[in-house]
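Q: Sending over a structure as C-alpha cells; questions will come in a sec.
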Amino acid sequence: MFIILNGKITKLPNGCITINDLVKRKKWNQGSLIVEYNNQLAKKDAWPSIILKENDRLEILKFVGGG
Amino acid sequence: MIDSLVIGGREISSRLFLGTGKFPSNRLIPEVVAASGVQVVTVALRRVDLDFEEENIAAYVPGDCILMPNTSGARNAEEAVRIARLAKAAGCGNWVKIEVITDNRYLLPDNYETIKATEILAAEGFTVLPYMSPDLMAAKRLAEAGAAAVMPLGAPIGSNRGLRTKEMIRILIEEISLPVIVDAGIGRPSEAAAAMEMGAAAVLVNTAIATASDPVAMARAFGRAVEAGRTAYLAGPGETRQYASASSPLTGFLRDE
C-alpha cells in the first residue's frame, strides 16, 4: 500500500497499519513530532486509532531553529 | 519608571527577541537566552528528515519563554495560515510570526499575502506579529487586520547590513500606534541600539547572534544595547545641529581682552 509521506509517494512497510505503527517502526523521536493526517492535525493519543489507507497524506513535522 | 511592552495581553520583559536558526549547536540556546535575557523566541516548522533522528529545538528553549513559531516556507496566505494552525495545535501557544516569501534572492516579504493571513489568524484569536516590508499603507492595513505588532525589516534576512530602511521605519514608528519591532538585517548591537533610540518597541535578532564567533557573548552585548537604546529613547535625546554649540562657558577665558 502506498501513502503520500511528506510529499513523496511511499510504500508503507509491512505490518504498519496505524500512524502509531509507522512512527514506532521508523524510530522517530515521538515526543517532538507533529503529525498532520489528510490535512488535519493528528494528536499523539489518536495515532494508534488512525488506520492508514491507500493515498492517505501524512506529514511528519517538527520544530527547528528559525528566525 | 515603569516601561512595559505589552503584546497580546502579555507583558514582555525583554525588548530583544531571539531567532533560533543557524546556531552552531542548539545546546547554546539556553545560555544565549540567559545571557541576553530574551523572553520571546522564534522557531520554524519543517518536515522531519525521515532517515535521521533529529533533536527537538523546543527542548532547548527555557519554559518561561514565549515560543513564537514563524510561518517561513509559506508562499501565500493559505500556507501561512496552515502552518500557524498546526503550530498552535501542536502546543505552541497562540503567538505567530507571519512570514510569507516568494522572493528567493532577497527574501523580501509579500505584504499583500501577509495582510490576508493576519486577518484570518487574528480573527481566530492568534497574537499575530507580521514580518513586513516597511510600507506605511501596508502597516495600516495590518493594524486594521488585527496585528498585535508590525515587524518591518531593517535589511534582508541574514544580511547583517543594519538599518537600511531606517527612514521608512521611522515613519512607521511615528504613524502606527502598534509596537514596531525591527526584524531582520540587524548585524551589530549598535544598530539594535539605534533602532531602539528611534522608538522601536523591540528588535528581533538571529543571524548576528547565531553566527558570531561567541554567540553567548554577542547575545549579552545585544541585550545591553537594546536596553541602552530604549533608555536613551525614553531619556529624550537632545537636538542635532549643523554648527558647534560650546559645552563649556564662552565667558571668563584666561586670556587678555
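Q: With contacts defined as alpha carbon pairs under 8 Å and 6 or more residues apart, what's the relative contact order of the stretch A:2-61 in percent?
A: 47 percent
Q: Taking Rh as the Kirkwood radius computed over C-alpha pairs, what is the Stokes-Einstein D of the stretch B:53-95 at 10 °C in a medium of viscosity 1.306 mPa s, expressed in µm² per second?
A: 139 µm²/s
Q: Return, for the Cα atoms of the stretch B:1-119, the radius of gyration and Dmax in Å, separated by a comma.
A: Looking at the stretch B:1-119, its Cα Rg and Dmax stand at 15.3, 54 Å.
Q: Something else: Rounded, prolate or oblate, given the Cα gyration tensor of the stretch B:138-257, with a/c below 1.5 counting as rounded?
A: oblate
Q: Continuing with the same structure: What is the pair-distance distribution P(r) of chain B, computed from all Cα-Cα distances in 10 Å bins starting at 0, with each bin given as a whole percent?
A: 7, 30, 35, 16, 5, 3, 2, 1, 0
Q: Straight-line reach from A:K26: which lysines fall under 30 Å, measuring Cα to Cα and dropping same-chain residues less than 8 apart?
A: A:K8, A:K11, A:K43, A:K44, A:K53, A:K62, B:K22, B:K88
Q: Arrange A:E54, B:E257, B:E197 by Cβ neighbour counts within 10 Å, fewest through most, would you?
A: With the sparsest Cβ surroundings first, the list reads B:E257, A:E54, B:E197.
Q: Hey, what's the per residue convex hull volume over the C-alpha atoms of the protein assembly as shown, in cubic angstrom?
A: Per residue, the Cα convex hull of the protein assembly as shown comes to 162 Å³.
Q: Distance between the C-alpha centers of the stretch B:153-174 and the stretch B:71-104? Whole Å please.
A: 23 Å
Q: Sticking with this one: Restricting the count to DSSP beta bridges whose residues both fall in chain B, what percent are antiparallel, rounded to a multiple of 5?
A: Taking every DSSP beta bridge with both residues in chain B, the antiparallel ones total about 15 percent.
Q: Now a separate question. Can you work out ³J(HN,Hα) from phi for every residue in the stretch B:70-81, in order, using Karplus 6.51 cos²θ - 1.76 cosθ + 1.60 and θ = phi - 60°, giving whole Hz and x for Gly and Pro?
A: 3J(HN,Hα) across the stretch B:70-81, in whole Hz: 9, 9, 4, x, 6, 9, 8, 4, 4, 5, 5, 5.
Q: Can I ask one more? Quick one: helix B:111-123 against the long Cα principal axis of chain B, what's the angle to the nearest 10°, folded into 0 to 90?
A: Value to nearest ten degrees: 70.
Q: For the stretch A:12-58 and the stretch B:193-257, what is the separation of their Cα centres, given in Å?
A: 54 Å
Q: While we're here: For chain B, what does the relative contact order come out to in percent, with C-alpha contacts under 8 Å and a separation of six or more?
A: It comes to 18 percent, rounded to a whole number.
Q: Kirkwood hydrodynamic radius, chain A, all distinct C-alpha pairs: what's the number in Å?
A: 12.2 Å
Q: With labels modelled as points extended 7 Å from the Cα through the Cβ direction, what inter-label distance (nm, one decimal) is found for B:T251 paired with B:N56?
A: 7.4 nm
Q: Towards the positive end of the charge dipole of the stretch B:38-192, with charges on Cβ (+1 Lys, Arg; -1 Asp, Glu), say which of B:A74, B:V96, B:P179 has the farthest Cα.
A: The listed residue farthest towards the positive side: B:P179.
Q: Indicate the gyration tensor shape class of the stretch B:86-142 (rounded, prolate or oblate), computed on the Cα atoms with a ≥ b ≥ c the square roots of the eigenvalues: a/c under 1.5 is rounded; otherwise a/b larger than b/c is prolate and the rest oblate.
A: oblate
Q: What nm distance separates the two modelled labels at B:Y243 and B:R10, each placed 7 Å from Cα along Cα→Cβ?
A: 5.3 nm
Q: If one takes the longest principal axis of the Cα atoms in chain B, at what angle in degrees, from 0 to 90 and to the nearest 10, does the Cα axis of helix B:215-235 lie?
A: Roughly 50 degrees, rounded to the nearest 10.
Coordinate-derived values only; no laboratory data. All figures in this text were calculated on a predicted structure; none of them were measured in a lab. Note that each Cβ is placed from the backbone with ideal geometry, even for glycine, and that neighbours are counted across all protein chains shown.
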